[in-house]
Amino acid sequence: MLVVEGLEVERTGFRINVERFVSSKITIILGCNGTGKTTLLKTIAGFIKPRKGVIHLNGRDITNLPPSERRIGYMPQQPIKLPYKPRDAIHYLAKIFRADPQPVIEKMRLEQILRKEKLSTGEAQILALSILLLRKTELLLLDEPTSSLDFPNSVNFWSLIRSLNIPMVYVTHNPVEAAAVGDEVYVIEDGVLRGPFENKLRSKAEELVETLNLYKNRVWVLE
Amino acid sequence: MKNPLKIIVLAAAIMYIAVLFLPPLLYQRLTLPPDPYTSIVNTALAASIASLLAFPLAVLLGFYVSARGLAVVLPFLMFATAIPHTAIGLMVLPLFLALNIVDTWLAVIITMMIVSLPLGVGSVASGLSATVKALDEFLSVLGVGELRNIWIHMRAMGLGWAVSFMLMWLRAFSELGALLIVSYRPSTVGVYMFELFQTGGAEAAVPYAIIVATLGMVFSGLLYIISWRGG
């Protein structure tokens, strides 16, 4: 469980205040552009040093630990494209971490992706996510992971995320995505975080996503 | 006329080449100096050694400038590209005198490293800028070691690293000002050309300038091909 308390982060002309933020399931941080979502995520990841406050992960104080020692997986907003063939990438990084890639390959159903030479952005995102799972990760931080994906790929990504069963903080500006993916939602406005709000819109969002997934249904007439 | 701007740009490029090459070819008696190539080969070798030695440092600095927000070091390096390199030669001269390496190939190589490093750092930093931040954060959190992280970034640059290396090499090869001060002998391309002009006038030096300029065009063409193929 991630517990953030009394956090204060200051960037040039910008301040974030978090009284208390707890995440043990899929926790959404929902907010418009420029409200501090990425800054908060980077602070939890360890790239930004907070002015005040503490961050605990599963009882460990990680506030002052370097990113590599936090046991966190972080997926930045920009798509991650590793300079290797997909199969080489996962095996190379698995070798570095002395991990067996096979369980991850199976869990993420990567076989088809690993047969390819080049990946689409959506596939590259799934591969990147899989690489994060090679290490013993206690929390995933995902920064608008579907921002460069089309709708069907986003839907696939959401369902994959839901199947992982790993605590994660998922940042998005899209309320439909928040409702379709999250268990609970925090809202950030002008650097102030409010929540948690229980996600009571999941079934409605799923219904909406199903209806809107025109690619899947091959229905090209909007009615 | 499909695109007048394209034609203007093309014409300007052709004019540039014409202004450089036509007058010496039309009006100069072209007699090659007795040994036109030794100095070119030696300079190319020195530039290669200097670039090979300075390149790892350029990669390291370029990575930190681009990925870790150390852009503040760039002005401290790039200033060297904005001053006459004679000044750099004069500034390193006391050190070279103390080390007793003035007028040696070692002095040539060290000077070439000094003048080509800023260009290498800038080039690596800009080559990495497209992907570096996200990839670095992704790998850092995973706990990928620093050197391995840099290696993965180098691979991500594709042929961009070759472009950076070639830019450094070209800069080292073309150095004159600093080398005039620290190593008149053994003479590099620039110094040799300068000496030919001083002793034999334009008639002696111009043919050599044409050889060097043609060589430069070949290398620039090569650089363009590498960049075009994915640098």
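Just so you know, all these numbers are worked out from the coordinates, no wet-lab data involved. Every value quoted in this text rests on a predicted model; they were computed, and no experiment measured them. Glycine gets a Cβ as well: all are built from the backbone with ideal geometry, and neighbour counts include every protein chain shown.
Using the Cα coordinates of region A:142-187, the gyration tensor eigenvalues translate into equivalent-ellipsoid semi-axes of 15, 13, 9 Å, sorted from longest to shortest. Classify region B:163-224 as rounded, prolate or oblate, taking a ≥ b ≥ c as the square roots of the eigenvalues of its Cα gyration tensor: rounded when a/c is under 1.5, otherwise prolate if a/b is larger than b/c and oblate if not. In terms of gyration-tensor shape, oblate. Taking every residue in B:158-167 and counting other chain Cβ atoms within 10 Å of its Cβ, the average works out to 0. Across the cross-link table entries A:Lys37/A:Lys81; A:Lys42/B:Lys133; A:Lys107/A:Lys136, which are compared at the Cα atoms, the separations over 18 Å belong to A:Lys37/A:Lys81.
Across chain A, counting alpha-carbon atoms alone, Rg and Dmax equal 17.8, 54 Å. Dipole of chain A computed with +1 at Lys/Arg Cβ and -1 at Asp/Glu Cβ about the Cα centre; of A:Ile90, A:Gly195, A:Val4, farthest Cα towards the positive end is A:Ile90. Counting, for every residue in A:58-71, the Cβ atoms of other protein chains within 10 Å of its Cβ and taking the mean gives 2. Taking Lys and Arg as +1 and Asp and Glu as -1, the other residues whose beta-carbon sits under 15 Å from that of A:Lys95 total +3.
Panel note: the C-alpha atoms of the protein assembly as shown, placed on their principal axes, show extents of 90, 60, 44 Å (largest first).
The GNM of chain A, with springs linking C-alpha atoms under 10 angstrom apart, assigns the highest mean-square fluctuation among A:Pro101, A:Pro66, A:Pro145 to A:Pro66.
Peptides A:2-9, A:137-144, B:33-40 ranked from most to least packed give A:137-144, A:2-9, B:33-40, packing being the mean of other C-beta atoms within 10 angstrom over each peptide's residues. 3J(HN,Hα) along region B:53-65, derived from phi through the Karplus expression 6.51 cos²θ - 1.76 cosθ + 1.60 where θ = phi - 60°, amounts to 6, 7, 4, x, 5, 4, 5, 4, 5, x, 5, 5, 5 Hz, with x in place of Gly and Pro. Chain B has equivalent-ellipsoid semi-axes of 35, 26, 14 Å, by the square roots of 5 times the alpha carbon gyration tensor eigenvalues, sorted largest first.
If you look at the Cα atoms of region A:64-147, you get an Rg and a Dmax of 12.5, 41 Å. Each eigenvalue of the Cα gyration tensor of region A:22-116, multiplied by 5 and square-rooted, gives one semi-axis; in descending order these are 30, 17, 14 Å. Ordered by the count of other Cβ atoms within 10 Å of each Cβ, fewest first, A:Lys25, B:Lys6 give B:Lys6, A:Lys25. Calculated [222 nm] ellipticity per residue, helices only, for the protein assembly as shown: -18000 deg cm²/dmol; basis is -39500 (n - 2.57) per DSSP H run with n ≥ 4, divided by all residues, nearest 500. Measuring between their Cα centroids, region A:129-185 and region B:2-64 lie 52 Å from each other. Neighbouring Cβ atoms from other chains, within 10 Å of the Cβ of residues in A:76-83, number 6 on average. Net charge of the neighbourhood of B:Gly69, taken over other residues with C-beta under 11 Å away and scored Lys/Arg +1, Asp/Glu -1, is +1. Annotation for A:Asn58 and B:Ile8: the two label points, set 7 Å from Cα along the Cα-Cβ direction, are 6.5 nm apart. The Cα atoms of region B:1-101 give a gyration tensor whose axes a ≥ b ≥ c have a/c of 1.5 or more with a/b no greater than b/c, which makes the shape oblate. Computed over chain A with a Gaussian network model linking Cα atoms closer than 10 Å, the most mobile of A:Ala180, A:Ala45, A:Ala205 is A:Ala205. Within the listed set A:Arg115, A:Arg135, A:Arg70, the residue fluctuating most in the Gaussian network model of chain A (springs between alpha-carbon atoms under 10 angstrom) is A:Arg115.
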